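What follows is calculated from the coordinates using simple rules that are stated; it is not laboratory data. Just so it is clear, the model here is predicted, and its values are computed rather than measured. Note that we place each Cβ from the backbone using ideal geometry, even for glycine, and neighbour counts take in every protein chain shown.
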Amino acid sequence: MEGPPFGALTMPRRAPDAAGENTLRLLLDAARRAGVDVRVTDLSGDEVTAQSGFCLVRRGPTLIVDARLPAAAQIKIVARELGRMNLEGVFLPPAVRALIEGTVE
C-alpha cells in the first residue's frame, strides 16, 4: 500500500480553487463598492459575440464577467479592469491592491 510513511503528518487538501474564489470575491466586492454594476453571466450565445470587461450602459459603469471562464481568468480580467479605475477611496486588502496594481498596463 502506497502513501505517506507511518506516523507522517499530512495536511488536508484545500479545494484547488478556494483561494482563487476568495480573491475573485474580494475583487468583485471592490468593484461594487466603487459603484460598478457587476454581472457574472454566461456570455455564450448565438446572437451576439461578447467578451468580459468594462462597459457603460444606461445604469452606469458595468463590469461583465463570463461565468464560463475559470476563476484565474476571471481574476485577471477583473483586476485589469479595476486597475483602470480610481480606487483611492475603496478599501482593499493589501494583497488584492497589489494584484490590481500589478495588472496596470
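Couple of notes before you dig in:
- Distant-in-sequence amide H partners of residue 52 (H built 1.01 Å from N, under 5 Å): 66
- Panel order for 62, 23, 49, by other beta carbons found within 10 Å of each beta carbon, from fewest to most: 49, 62, 23.
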